[in-house]
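Notes follow the structure.
The values are calculated or read from the model by the stated rules, or taken from the named source; none is laboratory data. All figures in this text were calculated on a predicted structure; none of them were measured in a lab. Note: ideal-geometry Cβ built from the backbone for every residue, glycine included; neighbour counts use all protein chains shown. Ligands, DNA and RNA are stripped out before the accessible areas are found, and what is left, the full protein with its side chains, is counted by its heavy atoms. Shrake-Rupley method; radii C 1.70, N 1.55, O 1.52, S 1.80 Å.
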Amino acid sequence: MSQPTQEEVILAQQAQHETVPGTEPEFQGLSQGQIVRKRFFGHTGALVGLAAFALIFIVAFTSVGFAGIPGWWKYNHEQITPLVNDGVPSASLWPLAWGEHPFGQDRVGRDLFAMTMRGAQQSIIIMVIIGAIAGLIGAVVGGLAGYFRGWVEAILMRLTDVIIIIPVLLLAAVVAQMASRRDADGWFSAFAASNGVVVLGIFLGLVSWVGLARLVRGEFLTLREREFVDAARISGASNARIIFKHILPNAVGVLIVNVTLTMSAAILLETALSYLGVGVKSPDTSLGLLISQNQEAFSTRPWLFWFPGLFIVAICLSINFIGDGLRDAFDPRQKKFRAKKAQETTRHSSETAQ
Amino acid sequence: MLSYVVRRLATAALILLGASFLVYLLTASSGDPLEDLRASNAPNRQQLMDARSQLLDLDTPAPLRYFKWLGGAAQCLVPFAGTCDLGKSITGQPITEALGIALVQTLTLVTGATVLAILIGITLGVVTALRQYSALDYGVTFMAFLFFSLPIFWVAVLLKEFGAIGFNNFLRNPVIPLPVSLGTAAVLGIVVAVAAGGGIKRRLISGGAVFVAVTAVMIYFSATLWFKNPGLGPVVIGIAGVGMAFAVTTLVSGLKNRKALQSSLIVVGLGLIAYFAVQPLLDQATGLMIFLLAVATVLIGVGVGYLMGGYDRGQSMRAAGITAFLMGGLVALDRFMQAWPAYVSNSRVRGRPIATIGAGTPNLQGDYWILSIDTFTHLILPTIALILVSLASYTRFTRSSMLEIMNMDYIRTARAKGLSERSVVMGHAFRNALIPLATIVAFDIGALIGGAVITETVFSVRGMGFLFLDGITHVDPNPVMGVFLCVAVTAMVFNLIADLAYSALDPRVRIKA
């Protein structure tokens, strides 16, 4: 065995570079945030997802108006207009046309485009509320349990265990009952009757944080044993400073990625509950409710079934892609392995070793 | 170890107590159980209301009622006493009885779907991990995300429309028009050409071969009205068997192990002989007999592998055993196909075999094969729907676990030793990649008992999910509590099993004793 050849040295250097994330030459001298941003915007799927979601968001909120502000679309989701061409959708790709009722009309003459947009709004609102509440509670509970350990952890984690086995469907049914109890004159039923979607979102958020709490706790458990936390503690930093300045910024990746994934699951949860009749209730509308109301009419008016379903899939898919992009950006571990390259490298080095 | 298990069980019992109290209160406070009676105009309205109040003990406040229920439920802990009392439902049916029926329905629905989803998901995950960043990987990843985003009720309605109604209409005159055959074959050919590895020439050849084969098969199906009288026959079974023998041997031991290949091929030959031998026996089949035959088939396969011997007897036995099992499956499939025309023309089925609702055709008369086909035709749509929505997570999880393993140093060592790629992947990487998957599978089995509420609703299967939803809509706590108890207990037990299995499989993980 002689001196290592120059090629082997280069290979070894490459291997070394590859094992330490964030030290690839293209990322040298950049802050953590800049690296994450660069990785995220280099992820095609995530960008397409982001663009699609932005488009749906803008169209859904501007077309039929939101919170009393009128939108640019001429109908709203409750308005009944005479049936045009028996309610068949007037939008077509070839020749490219939009028409009077692009997504068609239902049996009584309501415009499906307006209803779908309204439903998409509701789904997005619920999704954001669930994501925000679940993220906040999950971070606080998981962080406290992971940082302080001891009896704090024991109590919080047992609480998590209790909530994790209570069926979501049951809670949704209770909320639905409260919201639909119009006769009672409590402030809660009055609020719930006028803001059914918000209440549903809040309640679902109150039960969706458990998975997040466990993940955040795991992250805190490993981070609090690291040297930089010891260093901060020795130099006299308070618990709050250690948590917010030293641990949380390092755990934020896990949090963001999983909040995104919780949100995509939240869309499906809301639509499923509305479909079962315990979520958003008529006369308000939601994508799941639209499908549930129109599934019997599949053979006569299939478009009533297609468009709301496609919007659910589109919203959920774009959120999932954004989540995947975020995961790759925050956690680059999976990006390194290339089977072909690994094989070639091994073959190559075995050849040079002879 | 023992103290760990005992401690876990004690915590679980406490959690169960707290959660069940909450669930009871929530259900009881979610509405008015007498609502439908209050609105009715029946002359004996007051009587009915009194009767129901007495049945459900509505005069007692909910928290006290919970402890009464708990007293009855605690008797379930006494083994073999038969004193289990979970209360009665709003119709007066004992909950223990209702749970028994619902559990059977749910398990028949979800077991097959879960097993298939796990098998397909793991296969796809391993393949995509091995060919990371290939067209196949991107395709499967996209499909996984798509399936992950599908609302199951939407998929279910689509399946009913196209899978059941469409297919039944097609069966009336099962002639496939030539353009459809060519189109389907072209799509499949393109998919294979994109998915296949290697250079452009190899891709074109594999794509073209698939195109020709699929076109030929579809024209044959159409010309012979195959869907009316399906069947495989010994020739197809033989060819498929030889193909399976090669595939199984490649995966289990590699084709270089001649003894393993020979034992698999011998098993295929034996299977062909058995195909003729067991036909009269199969006519009087029962469930037990099929099970015994399956066990015997695997044992014969293992026996052949043992007798062939060679330097690695275990591999031959495994390869031959798996081949024998698959061969038996083919023979059974052929027998099912023989019974198909009789099933379709049955007076209860009336030529529309694929069902959209329920778990079986009522009052159907027939032998084992007819009744089994009836179960299959009712299960096929919900099973497909469940597989589609649960496939994605298994695929993604296996893929990432496999990628992490393939990056490990010991894989490089294994390659450096000069091991074949097959034994690196199957022997070193795959087994270890399955360890974290064991936990996921255990969790999922725990969750299975809860049933698929939405799937059961869409397909009108009266399983656990149906019982639960029915209890909620009628503000009837007892069925809700019954389902909750089953789900929570299985989930907790399987969580414990998952943790123990993990520490048993992975020696780096040690449980705190």
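Protein heavy-atom accessible surface, 1.4 Å probe, per residue over region B:376-513: 41 Å². Note on region B:235-289: Kirkwood radius taken over Cα pairs, Stokes-Einstein applied at 25 °C and 0.890 mPa s, translational D equal to 198 µm² s⁻¹.
Relative to the longest principal axis of the Cα atoms of chain B, helix B:200-223 runs at roughly 70 degrees. Size estimate for region B:1-137 follows the Kirkwood approach: the inverse of mean 1/r over distinct Cα pairs works out to 19.8 Å. What part of the accessible area of chain B, given as a whole %, is carbon or sulfur when the probe is 1.4 angstrom? For chain B, the apolar C and S fraction of the accessible surface comes to 71 percent.
Is the C-alpha gyration tensor of region B:186-291 telling us rounded, prolate or oblate? Criteria: a/c under 1.5 is rounded; beyond that, a/b larger than b/c is prolate, otherwise oblate. In terms of gyration-tensor shape, oblate. Projected label points at B:Y133 and B:L116, each 7 Å from Cα along the beta carbon direction, are separated by 3.6 nanometres. For A:S31 and B:R412, what is the calculated FRET efficiency with R₀ set at 45 Å and r taken between the beta-carbons, to the nearest 0.05? So, using R0 = 45 Å, E works out to roughly 0.85. Mean per-residue shielding of peptide A:269-281 is 3, counting Cβ atoms of other chains within 10 Å of each Cβ.
Label-to-label distance, B:I205 versus B:V242, with points set 7 angstrom from Cα along the beta-carbon direction: 1.9 nm.
Modelled spin labels at A:F41 and B:L505, positioned 7 Å past Cα toward Cβ, are 4.2 nm from each other.
Considering only Cα-Cα distances, which of the following residue pairs are longer than 29 Å: A:K38/B:K201; B:K259/B:K417; A:K281/B:K68; B:K201/B:K256; A:K74/B:K160?
In this structure, A:K38/B:K201; A:K281/B:K68; A:K74/B:K160 lie more than 29 Å apart at Cα.
Under the rule a/c < 1.5 gives rounded, and otherwise a/b versus b/c splits prolate from oblate, where does region B:348-485 land using the Cα gyration tensor?
Judged from the Cα gyration tensor, region B:348-485 comes out oblate (a/c at least 1.5, b/c at or above a/b).
Phi angles across region B:270-287 convert, under the Karplus curve 6.51 cos²θ - 1.76 cosθ + 1.60 with θ = phi - 60°, into 3J(HN,Hα) values of 4, x, 5, 5, 5, 3, 6, 5, 8, 3, x, 5, 5, 4, 9, 5, 10, x Hz, Gly and Pro given as x.
Taking chain B, the Cys residues with no second Cys beta-carbon under 4.7 angstrom are B:C486. For A:R110, the residues whose amide H sits under 5 Å from its own are A:T81, ignoring neighbours fewer than 5 places away on the same chain, with H placed 1.01 Å from N.
Pairs of Cα atoms nearer than 8 Å and 6+ residues apart set the relative contact order; for region B:207-316 it is 27 percent. Multiplying the residue separation of A:L206 and A:K245 by 0.36 nm and subtracting their alpha-carbon distance yields 11.4 nm.
Look at the dipole of chain B built from charges on Cβ: of B:T91, B:L496, B:G271, the Cα furthest out on the positive end belongs to B:G271.
Converting phi to 3J(HN,Hα) with the Karplus coefficients 6.51, -1.76 and 1.60 and the offset θ = phi - 60°, region A:163-175 yields 5, 5, 9, 7, x, 4, 4, 5, 4, 4, 5, 5, 4 Hz in sequence order, with x at every glycine or proline. If only the Cβ of Lys and Arg carry +1 and only the Cβ of Asp and Glu carry -1, the dipole of region A:191-297 around its Cα centre is close to 440 debye. Comparing each chain alone with all protein chains together (probe 1.4 Å, DNA, RNA and ligands left out), the residues of region B:3-40 losing at least 40 Å² of accessible area are B:I15, B:L26, B:S30.
Buried between A and B is an accessible area of approximately 4200 Å², summed over both sides with a 1.4 Å probe. Length, then width, then depth: along the principal axes, the Cα atoms of chain B run 80, 63, 44 Å.
Can you give the FRET efficiency for A:V59 and B:L146, using 1/(1 + (r/R0)^6), R0 = 30 Å, r = Cβ-Cβ distance, to the nearest 0.05? Working from the Cβ atoms, E equals 0.90. Peptide B:151-163 has a mean shielding of 5, counted as Cβ atoms of other protein chains within 10 Å of each residue's Cβ.
Amide H contacts under 5 Å for B:G360: none, restricted to partners 5 or more places along the chain or on a different chain, H placed in the peptide plane at 1.01 Å from N. The charge dipole of the protein assembly as shown, taken about its Cα centre with unit charges on the Cβ atoms of Lys, Arg (+1), Asp and Glu (-1) only, comes to about 1860 debye.
Put a plus charge on the Cβ of each Lys and Arg, a minus charge on the Cβ of each Asp and Glu, and nothing anywhere else: the dipole of chain B about its Cα centre is then about 1840 debye. Rg and Dmax of region B:296-345, both derived from C-alpha coordinates alone, stand at 15.3, 54 Å. Considering only B:G121, B:Y66, B:A19, the residue lying farthest towards the positive end of the dipole of region B:1-157 is B:G121, judged by Cα position with unit charges set on Cβ.
Residues whose amide H falls under 5 Å from that of B:H474, counting only those 5 or more places apart or on a different chain, are absent, with hydrogens built in the peptide plane.
Phi-derived couplings, Karplus 6.51 cos²θ - 1.76 cosθ + 1.60 at θ = phi - 60°, listed residue by residue for region B:289-303: 5, 4, 4, 4, 4, 4, 4, 4, 4, 4, 4, 4, x, 4, x Hz, with x used for Gly and Pro. Note on region B:394-513: dipole from Cβ charges, positive end direction compared against B:P436, B:L448, B:L469; the farthest Cα belongs to B:P436. The overall shape of the protein assembly as shown, judged from the alpha-carbon gyration tensor, is rounded, with an a/c ratio under 1.5.
At 222 nm, what helix-only mean residue ellipticity would chain B give, in deg cm²/dmol to the nearest 500, using -39500 (n - 2.57) for each DSSP H run of four or more? Mind dumping the intermediate values first?
Numbers: 20 runs with 373 residues, N = 513.
Computed mean residue ellipticity for chain B: -25000 deg cm²/dmol.
Applying 0.36 nm per residue to the separation of B:F162 and B:K256 and subtracting their alpha-carbon distance, the gain on full extension is 29.3 nm. With a Förster radius of 51 Å applied to the beta-carbon distance between B:D312 and A:L221, the computed FRET efficiency rounds to 0.70.
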